[in-house]
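Written out below as structure tokens is the structure these notes cover.
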Amino acid sequence: MFESVPTAPPDTILGLTEAFLRDERPHKINLSVGVYKDASGATPILEVVKEAERRLLATEKSKGYKPISGDPAYGRCVRELLFGAGSELASGDLAATCHTPGGTGALRLAADYLRQQHSGTKIWLSDPTWDNHGKVFKAAGLECGTYPYFDAAKNGLAFEAMVEGLSAVRAGDTVLLHACCHNPTGVDPTPEQWQQLGALLRERGALPLVDFAYQGFGRGVDEDAVGVRALVDAVDELLICSSFSKNFGLYNERTGALTVKGKRAEEVAAVFSQLKTCARTNYSNPPAHGGAIVTTILTDAELRQRWIDEVAGMRDRINGMRQLFVETLAARGATRDFSFIVDQKGMFSFSGLTKAQVERLRDEHAIYIVGSGRINVAGMTETNMGPLCDAIVQVM
Ligand code: LMR
């Protein structure tokens, strides 16, 4: 049976790290996958995470299964991050949360649910979007469409075109939005534009599905939830996928969540029951450790504050690297103006480099970035900045 199986192409993001690891050139630089690195080039474990792990090690009594949807305490922590600590949605019965294996697990759970319960829905993705979005939704059997998002000439949000594109959305369709730090462009709607988007989706009768993978990396933990909260004010129903890979540094613990917010408690309960069925037939129940870390931190006032401070530290370092990147490019002779990169938010810089330039960076300089020209700013350091900028100037 296996004789006729063709080889699948490598993943457009994680496949680059596989190629990077095989690359024997000693000066190689990996700025492809979105992973935070500190000034020394290491991906650190947050100190507050280590403290939470020490506490868990001392108190954990069992490795028994978690409920299909994870611990209720974890769900409550997730909703407090999304809706605000004092929000009724954090504790009431109009929202419910499933603990999932990472943000990708949440997206796939949402996709399976949509395919099973809303089979006519078409899911609309921003153009461009995270390379894996379309693949996850298509794997679940959903039809995908795109709406304009990025204005390459302005290096900013193509808001008018976005609104026009979303006007084609039918009632019952699903619209995927990035809550903040849009991946790959780093360009987000303003709070006013979020309100307009909320009103538009309400008018179209579309379901927002929000991908929230970088909370705290844009402006701040609460500030980055402005889009989600504007949507909550505008529409009755939405789904939100959370990832704690980046903001808790829990990449390999696969820690995420899918939250449903509805209009009536009984409807939320019904959707939640379907989500549990999807989870049970997919991965049964979630991995415990990452969720336990997040819950330990967010339910302790002192640890929570330490986490907020550490997230701010990561955000500040990334913003410092953005500034240095733009300055170093200019100093090394770049003729193009890259100052727009300072305004982008989150881990990535959407550089405007072409596919051919990206390939030359890899082949001639051992520098790995994603084919769209997306560069992981969070992987830049004072040490790799010079060689990186020299190489970019050469391939331009
Ligand atoms: C990325 O976009 O690089 C990250 O979200 C990691 C991934 O899984 O692709």
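The values are calculated or read from the model by the stated rules, or taken from the named source; none is laboratory data. Just so we're clear, the structure is a prediction, and the values are computed from it rather than from any experiment. Note: ideal-geometry Cβ built from the backbone for every residue, glycine included; neighbour counts use all protein chains shown. For the accessible areas, the whole protein counts, side chains as well, though only heavy atoms, and no ligand, DNA or RNA atoms are used. Shrake-Rupley method; radii C 1.70, N 1.55, O 1.52, S 1.80 Å.
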Point to revise | First in segment 155-166 and closer than 18 Å to Ser339 by Cα, second anywhere and open to solvent by 20 Å² or more (accessible area, probe 1.4 Å) and of a type in the set (Phe, Trp, Tyr), Cβ under 6 Å, 6 or more apart | key: Asn155/Phe340
Check your understanding: Can you name the residue in segment 251-269 that is open to solvent by less than 10 Å² (accessible area, probe 1.4 Å) and within 18 Å of Thr296 (Cβ to Cβ) and, of all such residues, is farthest from the ligand (Cβ to nearest atom)?
Key -> Ala257
Check your understanding: Counting just the residues of segment 21-36 that are within 17 Å of Ala378 (Cα to Cα) and either among the β-branched types (Val, Ile, Thr) or open to solvent by 30 Å² or more (accessible area, probe 1.4 Å) (or both), which one comes out farthest from the ligand (Cβ to nearest atom)?
Key -> Lys28
Exercise for review: For segment 213-250, enumerate the residues that are aliphatic (A, V, I, L, M), assigned to a loop (DSSP other than H, G, I, E, B) and either more than 14 Å from the ligand (Cβ to nearest atom) or open to solvent by 20 Å² or more (accessible area, probe 1.4 Å) (or both).
Suggested key: Val221, Val235
Revision key, fill the gap. Expected single match for open to solvent by less than 40 Å² (accessible area, probe 1.4 Å), outside the structural domain of Tyr149 (by TED's automatic domain parsing), touching a helix residue (DSSP H, G or I) at 6+ places or on another chain (Cβ under 9 Å) and within 23 Å of Pro26 (Cβ to Cβ) among Leu388, Leu353 is Leu388
Exercise for review: Please enumerate the residues belonging to segment 313-345 that are polar (S, T, N, Q) and part of a loop (DSSP other than H, G, I, E, B).
Suggested key: Thr335, Gln344
Check your understanding: Could you say whether any residue in segment 35-44 is modelled with pLDDT of 95 or more and assigned to a helix (DSSP H, G or I)?
Key -> no
Review point. Is segment 65-80 home to any residue that is touching a residue at least 60 places away in the same chain (Cβ under 8 Å), open to solvent by less than 40 Å² (accessible area, probe 1.4 Å), in the same structural domain as Leu231 (by TED's automatic domain parsing) and polar (S, T, N, Q)?
Key: yes
